[in-house]
Structure formats: structure tokens, C-alpha cells
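The values are calculated or read from the model by the stated rules, or taken from the named source; none is laboratory data. Since this is a predicted model, take the numbers as computed values, not measurements. Don't worry about glycine lacking a Cβ; one is built from the backbone with ideal geometry, like all the others, and counts go over all protein chains shown. In case anyone asks, the SASA skips ligands and DNA or RNA and just uses the protein heavy atoms, side chains included. Shrake-Rupley method; radii C 1.70, N 1.55, O 1.52, S 1.80 Å.
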4 protein chains.
Amino acid sequence: MRLLLVHPQADIICITSRQKDGEPISNTHPHLRGFTELKFKNIDPGEVAKQCDVVFTAVPHGTAMDIVPRLLDHKVKVIDLSADYRLPVDVFEQVYNLAHKAPKNAVYGLPELHPEVADSTLVANPGCYPTGAILSAAPLASQGMIELSVFDSKSGISGAGAQPTVVSHYPNMSQNVQAYKLTTHRHGAELRSELGRLDSSIKISFTPHVVPSVRGILTTAHLFIKEDIDIDQITRIYQTFYKDKPFIRLLSGIPSLGAVRGSNFCDIGFEMDASNRRLVVVSAIDNLVKGASGQAIQNMNLIFGLNETTGLMTPAVFP
Amino acid sequence: MRLLLVHPQADIICITSRQKDGEPISNTHPHLRGFTELKFKNIDPGEVAKQCDVVFTAVPHGTAMDIVPRLLDHKVKVIDLSADYRLPVDVFEQVYNLAHKAPKNAVYGLPELHPEVADSTLVANPGCYPTGAILSAAPLASQGMIELSVFDSKSGISGAGAQPTVVSHYPNMSQNVQAYKLTTHRHGAELRSELGRLDSSIKISFTPHVVPSVRGILTTAHLFIKEDIDIDQITRIYQTFYKDKPFIRLLSGIPSLGAVRGSNFCDIGFEMDASNRRLVVVSAIDNLVKGASGQAIQNMNLIFGLNETTGLMTPAVFP
Amino acid sequence: MRLLLVHPQADIICITSRQKDGEPISNTHPHLRGFTELKFKNIDPGEVAKQCDVVFTAVPHGTAMDIVPRLLDHKVKVIDLSADYRLPVDVFEQVYNLAHKAPKNAVYGLPELHPEVADSTLVANPGCYPTGAILSAAPLASQGMIELSVFDSKSGISGAGAQPTVVSHYPNMSQNVQAYKLTTHRHGAELRSELGRLDSSIKISFTPHVVPSVRGILTTAHLFIKEDIDIDQITRIYQTFYKDKPFIRLLSGIPSLGAVRGSNFCDIGFEMDASNRRLVVVSAIDNLVKGASGQAIQNMNLIFGLNETTGLMTPAVFP
Amino acid sequence: MRLLLVHPQADIICITSRQKDGEPISNTHPHLRGFTELKFKNIDPGEVAKQCDVVFTAVPHGTAMDIVPRLLDHKVKVIDLSADYRLPVDVFEQVYNLAHKAPKNAVYGLPELHPEVADSTLVANPGCYPTGAILSAAPLASQGMIELSVFDSKSGISGAGAQPTVVSHYPNMSQNVQAYKLTTHRHGAELRSELGRLDSSIKISFTPHVVPSVRGILTTAHLFIKEDIDIDQITRIYQTFYKDKPFIRLLSGIPSLGAVRGSNFCDIGFEMDASNRRLVVVSAIDNLVKGASGQAIQNMNLIFGLNETTGLMTPAVFP
């Protein structure tokens, strides 16, 4: 909403909530006060679809599959932020331990790898961790150069949602680093699906952490390379792969979260550990923007033939 | 720069620095990478003035008085972010313990109180603390209702500048609250000057603190009122005073820093302690935006006949 | 528990909980792993009393009055950390809007002001805010020198308890300062009760805030003095009042939270604003130690004739 | 000093500083106020040695080699917290790019792996990162089971020292994660030296990060195992290896920094990613205690025949 309310080509028609039906948006989101008089509404997806050109569905996995088909029936475009349409059905069912009620053709909405998003009706907006992790390794993966990879990600706690929990309780999170789902995080499946598409032989490991920050994911990708390669060659591979990708910024130094906070950029930098033939790639995104809503709007722009960057080309708020 | 680079009516022509002469802006400000190819330049104020319609001077107090007159000689508008032109000369000299070399007529650039900023040539952009404190009390002060006032302000550490110091050292600032200059902070003089203009009899006390936050100032104004008054009357006084002021948001609840972070808003809320005849007013600003650069651009807009909100009407980045 | 487990003269006999009955303490408190094999037990207060010399009751206000009398019946000493016994009954009933079921004689457990705690059977351990606020002003209040006072307190969020809430949710608390109960916080009544005992004519205002810190309360006391007085006289008054009080440290500078974190100290410093006849006193405590459990143990030491500092004379963990 | 001042068997005789000669300790370390009247002294190492049984040298690498030999000449025990005596001389000279002026026999002061520290004259106290990283992997390394390892460490910023820098500047560190020396951090050499001693064939990679926390290092060790092994076997290996090591706590869950903050513990937990034959081990230490001063005191205890835990068996300060 923060981004759409100032997007020059978009109007928010309605915002749904069952719990908050009738409440002004700005009660929940005080920073939006003065930008909208809208209230949350508890209305039927069909009703929503009638009024809009595109609907963003941001519901728990397992719920989107109930709503998305009904929206598509109304010929509206759908950008789904849940996990329901990100994976092949069999993989989804295994990873989420859930039967898929309504499989549909969807494009994985990482536009830097999937330009065909422009022609899609249903976009499966990527998970936050996969966005930063896939972008860090895709150029090398596309060259078949990676033997084994370890993605060690550090996320701000906003990724855990707006609901207070024991982990997000300030006294627990402050001054802490919390590793979790060391070997079993479901986002690993997206990594394997997308990088595996580029090179099916890569060995992929993924471990997430939360750090005492609100926004941002820093992914440290430890990529063990098959053959000796110098850093200039690697630089050229990344530059070529991300040519004309306005939200990818290749740095000569090491990215940090401040430089992307509140923005749709993915900053990428790397360094070679020749003795171990290990390339360390670091990517930084704002998990709530490039890792979620900003990327969804980037997808919207592409679907409607707008400039990819419309409404999104604003610098990070730093410091 | 963050705000000007996306301002629809402004172009940044040059950015000066002696120390960083020749360095790309984005080395120092990595979040601006991709938004400008400009480099810092060490050039003479006269040279700057020739190329621009308006110059923002952001130099230490005592230095602005060397530069501002030379800029004004070139008929350029000047918005000065130092303290040099904020106070009557005699007050300035006493508070800053410094002879003023070049007094000039300037307008105190708090547009909500000084609409004449639109016709000015030299704007003295207010200090960060005074902005939030004056705005919290001005409506009542203008009615002559305040007997005694205590402004207790809590600021993010960015107000102390970009230079690392013992206070801004992360291990010292983290988990800390640091009161400082308990009775002697120079911004007190701005408070006394501006509120004193509205009501010369108010007793004014001011104490600043830094808290473990980067941006934002929350001011708790304890205003002891001369006569009994009910909260509805107070509400009407504030509503009338701030009618048609787009960056003042009067809340029925209590403001917090998140709702203004990165934005030019000043949120204000209050509550009456009838037994002590104490009105507690809380104001929240982003010290780097409404408390500094955003307000400077608001002043620029007014000087050049643009809509006051041009380039500034964006919501806070929250959470 | 952290303090008692290494207290040389105390043994923890049992720890009660209904919800966690049977669970090891270290599940909830991982930092205590290796220090105790105790499990939470859901047992009757009478059973507890039979096994112990002293019981610390840390239950919500309104609940303590059910438990404390039953403990006292067993001739056990009780140190109650709730609000139930801190105020005169009529004041309690009005402030907490609750009929008191079981009034008892209790000593207000601020040992620096109440040495008679040593002879008491029931100690009402003070609230966290009142501890720091009363200690900041008591010496002057005892001299009848204060005309009007404003206590503006900044607390770490741990004071809000272990239960996750919207306010304690990391994305909401981080980078924020939240003023709350601007004029109505119940701890104000303790301030008025205790300082009023020293000087019934003081006008007392109190406003609390939470800041992005886990532990600590910094109180800025703005004390308007009746007559001119120089800072040396004030210093002597404080030194005399707090002579031989091992946990009060009078500083020549300004206290900060880091220096008391994890410890039972109350650091106090001050500065005079002669033009307003305002003394600004700053006190710093750890709200969980001197503001709660540490003070409770200090009271226990006194009751049992131990040295007041036993088990408590450890420096803060800083940085 | 915080730990030694309350150590029952140690007295601090003198504390040296050239810069702060004559200043009370508590000016620099306000939390120690009331615990010592000592002042910093600028005195010769020989003078120090005459008065003490043991000297802790905490000077930059390259400087210790000037001081340590002079201390040893006086038959005093030395615990050196610099890097000068941690590595074989040839490795040291290469890694630190520095000729070693005064090689000496020293024991690497990680007591869990080097019980011979008890008989040593010179202890090379380990680096903060190596302490947590080595302890996470040593049991498996000692069994020759590790093929390839990636140590991805997240440190609080206190590890960077007390001197304010651009990185430790609060606005830069807050809400950030900063990867640095991605492939070249010198502590990697300690890892390779110590784990290589246990199994010379392990491939070792190490990348450090700073996170917005003051204290603590969480190390995520991604250990690729040579052969299939179940988690119970691994658990037994760790339990056996760390039997009777009072500061190692093996958890069934995942360690976090809060549970070790301010304490000398190293908490360790792990989980198996069978599909990649990757064991993820997480270790948590306080970098200033087990990663530095606490471990130094642990070594002191062993050298002087005290119980290893004397003065160190206190729980973390949490939350």
C-alpha cells in the first residue's frame, strides 16, 4: 500500500480483511494516514475482481488456492504472494505437506529470470529468501559452473509477519541472532527449483537466520566452483547476465542492508577464495520490497506494459 | 540528495566537498548508486551560485556566515541549514559565543508559522529539536495559555552527524538512553525565540536525550496551562491553527516515530492531566526530514511557487 | 532466579507456575541451564510456605491479595512484587479500581528510604518507575525544597513483561520511542505517596515512555526549586541523604543505562538550570534488578540480617 | 576487570595505559565505579611483572612480541590476548605479514582442547571467532569425519574494539548486517591450525559478519560429512568429547546469543541435512567472555590450580 498509494499509474480500489472489516487502513498502518480514506472490507473475491484490473493476494499458503481460481475466472490478473503457485505441484505437495486443490499455470515472478511474466495471467511472487539467494547465484548457475553451494541467509524479523510471537518479542530478538529451520526451511525448495532449472546438478544447501533488524535479507552464498576461474571472468558473467536489469546493482565492494532499505534494489558483490575455489557472493535486498511487495509491483508494471521501474525507482532510506 | 534526486522540479547541479573532491557521491552514499553520476566538487561558492537557482548550505555554525553573503551577492536563493541565521544577532552571539561577521535578514524556515518564507531570499532552516518542540506548543502559545513548559526530547543518534564519536559508537549507544546538555542545549534559544514571539511570558525549559534509534525525534511537551480548559477546546485550537498545513497530522492517539520515519510529517497528539492542569503534547518527526532536509525542500517549494508538498508527499517507511 | 542461584546464602526451594507445571526451568530460561535442575511446580501457597523462610510473590495485582495472607499465616516472610501492598488501601482501591480483599501492614521496600524493612514481615517491593523516580528526588523532597516536579521516564521494553504484544513486537519497538499513559500511569500514585510522605506540598507529574532497549529506566526529573540554591549545596544534600547507601552512586556527570545494566545500582547525576530555577536530576537503574528482583533480594538480605549487598555486589555487564 | 574484580582468588594489582595514565578506571568504565579505586598507570612491563603472579597482555598484534618476553624473564605467567603466539611462527609471519621478533613456546588457550594449558607459562588466548568455530567442529574433526566445512559467523560489533569507526557508527550498524573480509579474515588461520591438528585433510572456509548486537558470536558451521551417520551417533560423539567440560552446554535445540550473554558458556546444537550429508552445527558464545577475557581467566584458573570455573560460574544476563 505504501508503494501503490504513490504509484502514478495505479489506484487502490479495495483492501480486504475479515478481522478488520470497516476499520480505516490508517488505524493499522499509521504511516498511511493522510494518503487514503479507504477502510478494510470483508468482501468476496468475485466482488473484488469485478472492480479491479489486478489483484494482489497476500494470504497464507493453502488459502491462496481457494481464492486465486475464482479471481482468474473473472479475467483479472493475479499476483499471488503465497507459496501456492511457486513450485511444481508435486514438489509443492511434498514440501508443504498439503494436497493442491487448484493447480494453475503460473509464472515464477522473478522478472530478472522470467521476462515471460509480462505475458502472464497468474504470477507466483517469489519468497523473500529465494529472491536474494537465486539472484546471487543465477549467473554462475546458468553457466553450469557451481559444484556445491551453501546459502547462509540473515533476515530482519519483519519477514516473520505482523503477528507478535515469542521470537519477535523485543527482549528476545534484541542483541540476538537466531538460526532456525537449519536444514528444513521450505524456501529451500524454491532455490532448488529455480537454480535447478538453470543447472540440475548443483548441490544446494540453505540455512536461514533472523538478526536484530526489521527489514532486509543479506544472503552469503558460498559457491564452490568446478574449475579455476579468475574474478574478472566472473564479473563479466554477472554483468552480462544482469545487463539492463534496473534493480540489480553490481558492486565492487560488499553490499549492506542500509543501501537497499525501503527500496526495490538487489545489491550484489563477490570475492574469490582461490585456495578453496570458493566464490563468496553477498546479496542484499529489502525483504518487504524486492523480497515481496516491490517485486509484486514490478511484476504488475510488466504485465500492464508499463516501464518496469514505474513507482519503484526511489532510493533507500539510509541511514 | 535522496529527496532531491526524485523531486520532479529540481535538478542537483553540484555537490561540494573539500575532503571528498572528485569522489562519486555513491561511494559515501551507497543508497544513491544508480541515481546520480555526480561527484563531489571542491568549488567556490561563487561558482556554485552561477549555476543554480537555489543553494542549500549545510556547514557548521560559524562557517555559513562566510559563505551565505557571497551566495546572496549572486542573487541566488539560499536555504541555510546552520544556526547562523536562526536567531536575532545578539542572541546568536551570546548563545554561540561567537561574533557574527555578516548579519542578514532571514526568515525562520518553519513554514507552518512563517508563510512569509515564500517571499524570502534567505531562509534559516530550523534546528531539528526546535521543529518538533515549537510545533507541539505553538497553537497554545499563540493563545497566551501556557504558564510553564518543559520540553523533554528523545532523538535518534543521526542528529549527531555522520562523524563517528564515542557517543555514536554502537556498543555505547545500543540499549542506552543518554541525556546530555541537560540545561544548556543551544536549540533552547530557538524555542525561546519562536515561542517567545507568540507569547513572551512563557517559561521554557528544554532537555534533550539520544535513544537507540537512527532517525526521529519524539518531543514530550509538558505544558502547564494558566486556566482550566477542556480537551475539546484544545483540540479545536490545534485544528484551527494547523488548518491547511499538509505536513501536520493531528492524531487522536499518541504519535510514534515509525509513522513518520523517512517522511516530512509532524504527527501531534495530546492528553490532559486535569489535576495538574498539565497538557502533555507529543510530537514526532524524522529529524533528518521535517527536522532538516525535508523542511528545507518544503521551503524551496514555497520560494519557487511550487506546491508546498512537491516531492515530499510520500509515506513513512514503516515498519 | 539468575541472582538467587548464585546468592551465597539462599537456596531456591521451589518455583511455581500453573501453566508450566513439570517443565524444567531452563526451557523457559535457557541462560539458567546448568545452574538448576528445578522444574516449575503447580503447588499450593501453603505447601510453598512450609518449605521456605521467605517467598517472593510475583503475580498480577489483584492476585497477590489472595496469596499473601495465606503465606503470612504460615509465619513465612513475604516479599511481594505486585502493587497490592504498595499504597494506602483507599488510594490503592481508587487507582486500581479494585476492592482490596485483604489489607495487611506492609513496608514499602525501598530500603534507602525505609530501613524498617529489616523488621518487616511483608515487604511491598516498589514499582520499577517509582524506584528510579523517588530516588532521584527524595533528598530534595525531604528538605521541602521542591515546588513542582515533572518526571519523564524512559524504560526498556522488558518492563512490559514476557508476554509478546503489539508494542513489544520487534518491528514496532525497533527505532521507535513510544510515550504511553501520558497522564494516567498507576505508578504515579507511588510517586505521590512516597514523595508526599516527605513533603505533602510537592506538585508531581509523571509520564512514561518505552525506548528500544531491553533493560533500564532513565528518569529525567525536572525539579522546580522554591528558592535559589547553588549546586554545591544540592550536592551536599544528596551526599548526606545517601551516605552509606551501597547501591546509590552519585556521579559528577550524567548517568546512562549501560553502567547499571544487570546490576542493582541506581546512578544519579544532576545539573542546575538557574534561569528557570530548575534542577534536572537523571537517575538510571536496571528495571529488572534495582527496579524489581534485585531490590527484592536487597530486602531479603535486610530481613534476614545479612549484609545488604550479599549476592548483589556485581558490576553491570557493559558494553 | 569486570570479572576479576569479583573473582574470589584474584586481585588486580595494576592496569596499564599510556594514554590514560593517571585516570581513574571508572572514568573509562563507568560500570566499575565503586569496585576499584585503581588508576591507569603508564609503567614498564618489568615493573608490572615484579608485582604480579600473572599478567594479561591485551595489546595489538605485533606489540605483544615486544612485551611478552620481558614479562617471561621475570618468571611471571603470561596470558596473551593478541595473535602473536597463537600460530606456528611461519604461519603467523605469512598471515600477519610481519616478522616475528620473539618466538616462544606457548599453549593455545582453548582449555577444552588443550588441558596442557595448566602447565604452561605462556598462554596464547584464542581469537573470538576461532573459539566458537573450533568448538563447534572439533568433536567431528577429531574423528576424521569432515570432508568440507563452511564456517559462517555472525558477531556483535564489540569485537571490533572500543575505538569508534565508520562501521561501528550507530547509524551505519543499526538495522544492518555487514559481511567483511569474505575470504581473508586472519582468524581463518587459527581455524585451520587447530582443526588441522585434529584432521589435516579438512577443507575449511570461513566468512565473518557483524550484526546489530553488542556482544556475542553465533557461528553456523556447515559440515559436509564423509559418510552417512545418524544424529544419535553424532550426539554421542559430542557428549563424549565434551564430557566434564563445564563451559560447554550441548542443547537439543538451537543456541542463541541471549543465553550466553555476559557468561563464559559455549552453547552448541546441531541438525542433520541428510540429503546433502550436511551437519549444521550452531555455536553461541559471548565474544568478550568465552571469546576473550572469560577464557583468559579460565586459563588463569587452570594455571594456578584453581577450579576451572572459579569466578566464572554465573548465568548470562538475559533478557
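Looking for whichever is facing chain A (nearest Cβ under 9 Å), more than 16 Å from A:Ala179 (Cβ to Cβ) and surrounded by fewer than 23 Cβ atoms within 10 Å (Cβ to Cβ) here; the options are D:Phe224, D:Phe241, D:Phe304, D:Phe318. Which one fits?
D:Phe224
Which ones in region A:7-20 are away from every other protein chain (no Cβ under 14 Å), open to solvent by 40 Å² or more (accessible area, probe 1.4 Å) and not β-branched (Val, Ile, Thr)?
Within region A:7-20, A:Gln9, A:Asp11, A:Arg18 qualify.
Quick one: how many residues across region B:255-276 are more than 20 Å from the chain's Cα centre (by Cα) and either of a type in the set (Gly, Ala, Ser) or closer than 30 Å to A:Val260 by Cα (or both)?
2
Considering D:Val95, D:Val123, D:Val91, D:Val117, which residue is part of a strand (DSSP E or B), more than 12 Å from every other protein chain (Cβ to nearest Cβ) and aliphatic (A, V, I, L, M)?
Testing whether each residue is part of a strand (DSSP E or B), more than 12 Å from every other protein chain (Cβ to nearest Cβ) and aliphatic (A, V, I, L, M) leaves just D:Val123.
Contact list please: Cβ distance under 7 Å, first residue in region D:113-141 and free of Cβ contacts under 8 Å to residues at least 40 places away in the same chain, second residue open to solvent by 10 Å² or more (accessible area, probe 1.4 Å) and not in a helix (DSSP H, G or I), pairs at least six apart or on different chains.
Taking only residues 6 or more apart or on different chains, the pairs are D:His114/D:Val107; D:His114/D:Tyr108; D:Glu116/D:Val107.
Quick check on D:Gly22: is it touching a Ser or Thr at 6+ places or on another chain (Cβ under 8 Å), over 15 Å from D:Val78 (Cβ atoms) and not aliphatic (A, V, I, L, M)?
Spelling it out, it is not the case that D:Gly22 is touching a Ser or Thr at 6+ places or on another chain (Cβ under 8 Å), over 15 Å from D:Val78 (Cβ atoms) and not aliphatic (A, V, I, L, M).
Report, by residue number, each residue of region B:147-172 that is of a type in the set (Ser, Thr, Tyr), in contact (Cβ under 8 Å) with a residue 40 or more places away in the chain and at the interface with another protein chain (Cβ under 7 Å from one of its Cβ atoms).
Scanning region B:147-172 gives a single hit, B:Ser158.
This table checks each residue for (1) touching a Pro at 6+ places or on another chain (Cβ under 9 Å); (2) of a type outside the set (S, T, N, Q); (3) modelled with pLDDT under 95.
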{"residue": "D:Ile12", "(1), (2), (3)": "no, yes, no"}
{"residue": "D:Ile43", "(1), (2), (3)": "no, yes, yes"}
{"residue": "D:Val55", "(1), (2), (3)": "yes, yes, no"}
{"residue": "D:Ala58", "(1), (2), (3)": "no, yes, no"}
{"residue": "D:Leu87", "(1), (2), (3)": "no, yes, no"}
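Does any residue of region A:180-188 turn out to be assigned to a strand (DSSP E or B), at negative phi and open to solvent by less than 50 Å² (accessible area, probe 1.4 Å)?
no
For region D:134-143, state whether one or more residues are out of contact with any His (no Cβ under 8 Å at 6 or more places or on another chain) and open to solvent by 10 Å² or more (accessible area, probe 1.4 Å).
Taking every residue of region D:134-143 in turn, at least one turns out to be out of contact with any His (no Cβ under 8 Å at 6 or more places or on another chain) and open to solvent by 10 Å² or more (accessible area, probe 1.4 Å).
In region B:244-267, what residues are within 11 Å of chain A (Cβ to nearest Cβ) and either open to solvent by 40 Å² or more (accessible area, probe 1.4 Å) or free of Cβ contacts under 8 Å to residues at least 24 places away in the same chain (or both)?
If the condition is that a residue be within 11 Å of chain A (Cβ to nearest Cβ) and either open to solvent by 40 Å² or more (accessible area, probe 1.4 Å) or free of Cβ contacts under 8 Å to residues at least 24 places away in the same chain (or both), then B:Pro246, B:Arg249, B:Leu250, B:Leu251, B:Ser252, B:Gly253, B:Ile254, B:Asp267 are the ones that fit.
Taking the options D:Thr183, D:Thr219, name whichever one is more than 19 Å from the chain's Cα centre (by Cα) and among the hydroxyl-bearing types (Ser, Thr, Tyr).
Testing whether each residue is more than 19 Å from the chain's Cα centre (by Cα) and among the hydroxyl-bearing types (Ser, Thr, Tyr) leaves just D:Thr183.
Which one of these is surrounded by fewer than 21 Cβ atoms within 10 Å (Cβ to Cβ), closer than 27 Å to A:Ile204 by Cα and touching a strand residue (DSSP E or B) at 6+ places or on another chain (Cβ under 8 Å): A:His114, A:His61, A:His100?
Among A:His114, A:His61, A:His100, only A:His114 is surrounded by fewer than 21 Cβ atoms within 10 Å (Cβ to Cβ), closer than 27 Å to A:Ile204 by Cα and touching a strand residue (DSSP E or B) at 6+ places or on another chain (Cβ under 8 Å).
Answer yes or no: is there a residue in region B:29-43 that is of a type outside the set (D, E, K, R), closer than 24 Å to A:Leu251 by Cα and without any contact (Cβ under 8 Å) to a residue 12 or more places away in the chain.
Yes, region B:29-43 contains a residue that is of a type outside the set (D, E, K, R), closer than 24 Å to A:Leu251 by Cα and without any contact (Cβ under 8 Å) to a residue 12 or more places away in the chain.
Looking at region C:21-57, which of the residues that are open to solvent by 50 Å² or more (accessible area, probe 1.4 Å) and in contact with a Leu (Cβ under 8 Å, 6 or more places away or on another chain) is nearest to C:Ser120 (Cα to Cα)?
Looking at the filtered set, the residue picked out is C:Phe56.
Looking only at residues that are on the phi < 0 side of the Ramachandran plot, touching a residue at least 60 places away in the same chain (Cβ under 8 Å) and of a type outside the set (D, E, K, R) in region B:203-220, which one is nearest to the other protein chains (Cβ to nearest Cβ)?
B:Leu218
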